[in-house]
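S.K.: Just dropping this structure here.
The values are calculated or read from the model by the stated rules, or taken from the named source; none is laboratory data. Not measured: the values here are computed from a predicted model. Cβ: placed from backbone, ideal geometry, glycine included. Neighbour counts: every protein chain shown.
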Amino acid sequence: MKKNGLWLKIGILVVALIGLFVINLYLDSYKVKVINLCAIYVILGLSMNLINGFTGLFSLGHAGFMAIGAYTVAILTMPLEAKTMNYYMKPMVPFLLNLNLPFIFALLIGGLMAALFGFLIGAPVLKLTDDYLAIATLGFSEIIRIVFINLQSITNGSLGLKAIPQMTNEFIAGKLGLASRTNLLWAWGIAILTIIFMQFLMKGSYGKAFKAIREDEIAARSMGINLFKHKVMSFTIGSFLAGIGGGLLAVHLGTIDPALFKFALTFNILLIVVLGGMGNIYGTVISAIVITVAMEALRFLDGSMNFGFFTTPALPGLRMVVFSLALMVVVIFKRDGFIKETLEKVRGRYAKNQ
Amino acid sequence: MNLSIQEFLQHMTNGISLGSLYALIAIGYTMVYGILRLINFAHGDIFMLGTYLTFYGIIFTPIPWYIIFILAPALTGLLGLILEKLAYRPLRESPRITVLISAIGASFLLQNLGILVFGGRPKAFPTPTILETVLKIGGVSVAIVNFVIPIVTVILLIGLNYFIQKTKTGMAMRALSKDYETASLMGIDINGIISITFFIGSFLAAMGGIMWGVKYPQLMPHMGVLPGLKCFIAAVIGGIGNITGAVLGGFILGLGEILIIAFLPTLTGYRDAFAFILLIIILLFKPTGLMGEKVAEKV
């Protein structure tokens, strides 16, 4: 029985990979971009779910860690010419100017940098609970952003970075005589790895400890779970994945600036996690894909609409009104998100809902 | 570092008026947190709504500005009350995180509604001319708003203090924030008191918003985000739940921000980071804030 499940999963994986490969060659480049963004949001959603959903630490600092990952990847992969073009206001520090690494190493370093900052920030801040933690992590994310605005010789300040090298499938598409476009296999490959990693993590003893902390800290502590160690661990892994997601986002967009990493970005990910269900891996994956596609598909809401006999003026903001409303409706009427883990099974009849 | 005494006084008046504004907005956070244990993330956006309501009141109605300056905050107070009814009341028994998410959602909803209804382009606040006058006292030139703001703040604070200390409703409010469950068993109308709390908090935020508009006359739908966060920080610094603490925190933050720029102009770019750094220092060394009481962990 268990073996069948495993084969089924491997089967789905193979089909998904072949599907991606075909999509990557034949779909138009806009759609490929949207699918690529889905993968990035899957990674980001899972990383936030690990911290907020599974471990019950309400962190709002995601945008900051993403910024670290994104800037690391951008700075390490941009060639010398692109750098000199970008840094016209204030020259870049010479040490970084000539540094140029292959994408995969840059991405890893981006993730590790985010993890390092996650560790440094988490170690003192994770002593706080609930809303204090939320506001402190949000504060750190803002501090990171403000530092990035001011460190002109490293990050180019509020001008941002342009012409970040894209990951295209030039090689294969060129051989088949097709137009090259964003290479989906990077983002989706990493997204799939993240899903598998999360499953193993949550099945293992660490995952169980995380969940125990979420359910009841005091009970977990009296069971001998080292609260601090596990919290910092969850936070650091989450930051690592956020850094990876940020790095992929930088490459996906090709342009980044500090204004991108405002709280609104964290809000998008929170939306995904809440709608998918706190502490639910597949829920997060599905809601990441649905929300990313919906965010693109509902762009028409911001523009003017033509009902045949009557044209509405352009209504910028309407799209985000819809999404904020969706979040609130889900939180108020369906507390556990659309796709919920059957918590009743885990909790006893008398378990409290705190 | 070579600051003349005039410049110093100028910075001080500036810092005090900014501090008063922070204090007014921080009170709303601290009152709500004291009773519901909730960070009302949408408070900054209520502040924004108050400013916009004043803007439209002055532009589109013939009512004189000094009446609008009372009417608009009252209207904003009602909006705050409605916000609580719709977004927070259904979640009264839910885990705190759920309510917090609802608050974040409400904040984004209000911001985007702001963009939708008011437009994303900045608007100029129609400052009454009398408030724009600049006074010159012994080489220090100070806009009259910088005097009006602290005076209005002090008047509002005295009124609030009277309300909380001397009236029955105020007593009920204090009882609720001391011990929610016991107070509710004593026959206090919880919903009514919470509504009044939201009304007062939003009213003060709108008052702050109006004076903010006079001081920094540019309205944007996102204008409430940063002041909102900073004022929450002010409330935490003072000890959340404690009104005197919120006022103290507001002044520390306002004066600190201005004086850091005055003495260390190289750090101007980090001005907005100051509040967050202060927050983290406070949380690490005195998590209950300067005037907060220590709460023992209950099992």
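S.K.: Name the single residue that is nearest to B:Phe47 (Cα to Cα) among those in segment B:122-142 being free of Cβ contacts under 8 Å to residues at least 12 places away in the same chain and either out of contact with any Ser or Thr (no Cβ under 7 Å at 6 or more places or on another chain) or within 14 Å of chain A (Cβ to nearest Cβ) (or both). Break it down into steps so the answer makes sense when it comes.
M.R.: In the first step, residues of segment B:122-142 are kept if they are free of Cβ contacts under 8 Å to residues at least 12 places away in the same chain; the result is B:129, B:133-134, B:136-137.
Within this subset, residues satisfying the condition of being either out of contact with any Ser or Thr (no Cβ under 7 Å at 6 or more places or on another chain) or within 14 Å of chain A (Cβ to nearest Cβ) (or both) are B:129, B:133, B:136-137.
Working: B:Thr129: 23, B:Thr133: 25, B:Lys136: 31, B:Ile137: 32 Å.
Result: B:Thr129.
S.K.: Return the pair list, or none, for Cβ contacts closer than 8 Å from residues in segment B:104-118 that are at the interface with chain A (Cβ under 7 Å from one of its Cβ atoms) and under 22 Å from A:Gly61 (Cα atoms) to residues that are β-branched (Val, Ile, Thr) and surrounded by fewer than 24 Cβ atoms within 10 Å (Cβ to Cβ), at least 6 apart or on different chains.
M.R.: What qualifies is B:Leu109/A:Val321; B:Asn112/A:Val321.
S.K.: Can you name the residue in segment A:150-164 that is assigned to a loop (DSSP other than H, G, I, E, B) and at pLDDT 85 or above and is also nearest to B:Ala273 (Cα to Cα) among such residues?
M.R.: A:Leu151
S.K.: What do you reckon, is B:Thr197 of a type in the set (Val, Ile, Thr), assigned to a helix (DSSP H, G or I) and either within 14 Å of chain A (Cβ to nearest Cβ) or more than 20 Å from B:Gly80 (Cα to Cα) (or both)?
M.R.: In short, no.
S.K.: Here is a further query. Would you call A:Phe300 surrounded by fewer than 14 Cβ atoms within 10 Å (Cβ to Cβ), at pLDDT below 80 and more than 20 Å from A:Glu215 (Cβ to Cβ)?
M.R.: yes
S.K.: While we're looking at this one, here's another question. Looking at (1) part of a helix (DSSP H, G or I); (2) farther than 13 Å from B:Ser20 by Cα, which is the one condition that is false for B:Gly254?
M.R.: The failed condition is (2).
S.K.: Also, I was wondering about something else. Report every pair of residues separated by at least 6 positions or lying on different chains whose Cβ atoms are under 7 Å apart, first residue within segment B:223-238 and within 12 Å of another protein chain (Cβ to nearest Cβ), second in a loop (DSSP other than H, G, I, E, B).
M.R.: B:Phe232/B:Ile39; B:Val236/B:Gly289; B:Ile237/B:Gly289; B:Ile237/B:Leu290
S.K.: Farther than 25 Å from B:Met12 by Cα, without any contact (Cβ under 8 Å) to a residue 60 or more places away in the chain and under 23 Å from the mean Cα position of the chain (by Cα) - does that describe any residue in segment B:176-184?
M.R.: yes
S.K.: Identify all residues within segment B:172-203 that are of a type in the set (A, V, I, L, M) and closer than 26 Å to B:Cys231 by Cβ; write none if there are none.
M.R.: B:Ala172, B:Met173, B:Ala175, B:Leu176, B:Ile190, B:Ile193, B:Ile194, B:Ile196, B:Ile200
S.K.: Looking at segment B:69-94, I want the residues that are over 12 Å from B:Ile210 (Cβ atoms) and without any contact (Cβ under 8 Å) to a residue 12 or more places away in the chain and have a partner that is part of a helix (DSSP H, G or I) and among the hydroxyl-bearing types (Ser, Thr, Tyr) with Cβ atoms under 8 Å, at least 6 apart or on another chain. Which pairs are those?
M.R.: B:Leu91/B:Thr98; B:Leu91/B:Ser102
S.K.: With A:Leu161, A:Leu184, A:Leu193, A:Leu176 as the choices, which residue is in contact (Cβ under 8 Å) with a residue 40 or more places away in the chain, within 25 Å of A:Ser29 (Cβ to Cβ) and exposed (fewer than 15 other Cβ atoms within 10 Å of the Cβ)?
M.R.: Just a single option satisfies the conditions, and that option is A:Leu176.
S.K.: Say we look at segment A:90-135 and pick out the residues that are part of a loop (DSSP other than H, G, I, E, B) and within 14 Å of chain B (Cβ to nearest Cβ); which of these is surrounded by the fewest Cβ atoms within 10 Å (Cβ to Cβ)? Full working, then the answer.
M.R.: First, pick out the residues of segment A:90-135 that are part of a loop (DSSP other than H, G, I, E, B): A:90-93, A:98-102, A:126-129.
Next, from what is left, pick out any that are within 14 Å of chain B (Cβ to nearest Cβ): A:90, A:126-129.
Details: A:Lys90: 13, A:Leu126: 22, A:Lys127: 16, A:Leu128: 19, A:Thr129: 15.
It comes out as A:Lys90.
S.K.: State yes or no: is B:Met173 within 14 Å of chain A (Cβ to nearest Cβ), among the hydrophobic types (A, V, I, L, M, F, W, C) and more than 16 Å from the chain's Cα centre (by Cα)?
M.R.: no
S.K.: Kindly check whether there is at least one residue in segment B:264-271 that is away from chain A (no Cβ under 11 Å) and either assigned to a helix (DSSP H, G or I) or surrounded by fewer than 23 Cβ atoms within 10 Å (Cβ to Cβ) (or both).
M.R.: yes
S.K.: Counting only residues that are within 14 Å of chain A (Cβ to nearest Cβ), surrounded by fewer than 24 Cβ atoms within 10 Å (Cβ to Cβ) and of a type in the set (A, V, I, L, M, F, W, C), how many does segment B:37-82 have?
M.R.: So the count comes out to 2.
S.K.: Would you check if there is a residue in segment A:59-67 being crowded, with 24+ Cβ neighbours inside 10 Å, farther than 18 Å from A:Leu249 by Cα and either more than 12 Å from the chain's Cα centre (by Cα) or within 14 Å of another protein chain (Cβ to nearest Cβ) (or both)?
M.R.: yes
S.K.: Could you tell me whether any residue of segment A:277-285 is at pLDDT 85 or above and of a type in the set (A, V, I, L, M)?
M.R.: yes
S.K.: Further question: Is it true that A:Gly247 is within 18 Å of A:Ala191 (Cβ to Cβ), touching a Ser or Thr at 6+ places or on another chain (Cβ under 6 Å) and either at pLDDT 90 or above or not aliphatic (A, V, I, L, M) (or both)?
M.R.: Here the answer is no, as A:Gly247 does not meet what is asked.
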